[in-house]
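Okay, structure first, notes after.
The values are calculated or read from the model by the stated rules, or taken from the named source; none is laboratory data. Note that the structure is a prediction, hence the values are computed from the model and not measured. For neighbour counting, all protein chains shown are included, and Cβ atoms are generated from backbone atoms with ideal geometry for every residue, glycine included.
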Amino acid sequence: MSKRHHSPDQSRLLTALLIAIVWASQGTTSVFGQLGFTDRQFEQWVFQQYGNAATARTKLKEALELYTEDIDQACGLSEVQKRKLRLAGRGDIDHFFREFEKVKQKFQLIRNDQQKVNQIFQDISPLQAQLTTGLFTRDSLLQKCLVNTINREQFLKYVKVDDERRRFQHEAKIGIVITMLNQSVPITSTQRRRLVDLIRRETRPPRKSSQYDYYAMMHQISKIDEEKLTLILDDIQWQVFTKQLARMRGMEQWLKQNGILFDDEEEERLLPDAQVAAE
């Protein structure tokens with residue numbers, strides 16, 4: 001059975017529905033003599049797989065350590081460089097939790113009002129997106145620190161390893177798209193090979209792997225010249241595939257805002273400032 005995917009808007013609607021169900025069946029906690037949601041429930045909404053803020057902070061610190069070690073293995077960091085990257089990464093984590101506390105305080109003021117609690121998900125959604133895509137993306141303190149901490153030789157080693165990892169992940173995601181299509185309508189081995197070659201040429205890996213990888217890949221495929229796709233697929237196959245692609249159109253801004261797609265002007269990597277100046 002193929003996995004069913006929901007759009008971000010659908011996910012928020014489902015979440016709002018879940019809140020209504022919880023309000024009716026479980027929302028019996030007394031808050032100053034009134035019914036309302038608890039801080040614990042709020043944290044579960046925000047942190048989902050982590051469950052609560054304390055566990056999320058621990059997991060993010062572990063992720064920072066693993067990321068620092070990955071960079072070290074790729075290009076060989078000094079202890080001073082490691083300390084700088086860890087400090088910057090902790091700054092990213094602290095910034096995230098400051099934003100979380102702001103939303104939490106807003107929630108505490110309105111948690112007895114079901115309608116307003118539903119609206120709080122407009123503030124929760126960006127926090128969830130950050131957790132999904134990761135805190136250490138291009139605009140993070142850690143990445144800015146990385147660019148200005150390592151030298152050019154280290155940077156090029158890191159880029160090589162990172163590009164190889166992203167290419168491997170990209171190939172895997174292309175395979176998922178082809179498998180999903182084949183489950184909907186059978187394709188031949190020749191069609192599969194030609195589709196893989198076309199998608200590989202016309203798409204790029206997302207900034208960071210996340211649960212939205214399928215959306216990101218399908219969105220990029222939806223921008224491929226239709227003529228190139230119809231030269232590979234027959235009429236029936238194309239009718240099925242174009243319906244799948246149609247659901248992905250219109251998501252570009254959301255995918256970019258949540259750090260899942262590149263902006264056009266961000267295609268080139270930044271080199272360490274000192275190295276650029278030297279050239």
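Which ones in the range 158-217 are at pLDDT 85 or above, of a type in the set (Ser, Thr, Tyr) and part of a loop (DSSP other than H, G, I, E, B)?
THR188, THR203 - these are the residues of the range 158-217 that are at pLDDT 85 or above, of a type in the set (Ser, Thr, Tyr) and part of a loop (DSSP other than H, G, I, E, B).
In this structure, does ILE71 turn out to be in contact with a Phe, Trp or Tyr (Cβ under 8 Å, 6 or more places away or on another chain), part of a helix (DSSP H, G or I) and aliphatic (A, V, I, L, M)?
So ILE71 fits the description; yes.
Determine the pairs where a residue that is polar (S, T, N, Q), located within the range 151-176, has a partner that is in a loop (DSSP other than H, G, I, E, B) with Cβ atoms under 7 Å apart, the partner being 6 or more residues away or on another chain.
Qualifying pairs under 7 Å: ASN151/PRO272; GLN154/GLY76; GLN169/PRO205; GLN169/SER209.
Suppose the filter is loosely packed, with under 14 Cβ neighbours inside 10 Å and touching a Leu at 6+ places or on another chain (Cβ under 9 Å); does LYS160 pass it? Working first, answer last.
Numbers: loosely packed, with under 14 Cβ neighbours inside 10 Å: yes; touching a Leu at 6+ places or on another chain (Cβ under 9 Å): no.
Judged against the criteria, LYS160 is not a match.
Take ILE124 and decide whether it is among the hydrophobic types (A, V, I, L, M, F, W, C) and either loosely packed, with under 15 Cβ neighbours inside 10 Å or more than 15 Å from GLU43 (Cβ to Cβ) (or both).
no
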